[in-house]
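Q: Right, I'll just put the structure down here and ask away after.
The values are calculated or read from the model by the stated rules, or taken from the named source; none is laboratory data. All values derive from a computational prediction rather than experimental measurement. Surface areas here come from the heavy atoms of the whole protein model, side chains and all, with no ligands, DNA or RNA. Shrake-Rupley method; radii C 1.70, N 1.55, O 1.52, S 1.80 Å.
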Amino acid sequence: MVADLNLIAEIEEKSTGRERWWKSLMADIFTPPGLVMTADEREAAVKIGALKMTQDLSLVVSAYTGYDSAAGWNQIQRSGLWMTKDQVAAFVEEYQTLLRKYATDPEDPPPDARRMAVRLVVLPDEGRPQLALPTEADSD
């Protein structure tokens, strides 16, 4: 069961009779490079990934809409780099090390700590359409 993997937990106060409510547990989910999946596993991973990205898009929108009132809690970073595959692997490894450095025990966080959503997606940026912002001439 998925709950046994500590990916979700039941919301007991909302669950009644046969109806069960679940919440996602913030957990590090790492898909190693070169992971071999069956066609069914790959299809399921794509569907789950799409659901996660819908949530992630909502987080980005929240970060921007609440930016001014967040008092420095909301940080937004977007970058594009030229890297070799070896550099990508090293970057992701250092990123994971950095996350572990700043992680606190979720059962005993410091009094001023807040649960933070942190996402990293690294992939080649080739062949996808680029979004263009309207120019002043376009807005007339």
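Q: What does the accessible area of residue 35 come to, in Å² to the nearest 10, when a probe of 1.4 Å is used?
A: So the heavy atoms of residue 35 present about 80 Å² to solvent.
Q: In addition: Using a 1.4 Å probe on the protein heavy atoms only, what accessible surface does residue 86 show? Give it in Å² to the nearest 10.
A: That residue has around 130 Å² of solvent-accessible surface.
Q: If you count only protein heavy atoms and use a 1.4 Å probe, how large is the accessible surface of residue 24, to the nearest 10 Å²?
A: In the full protein context, residue 24 sits at about 80 Å².
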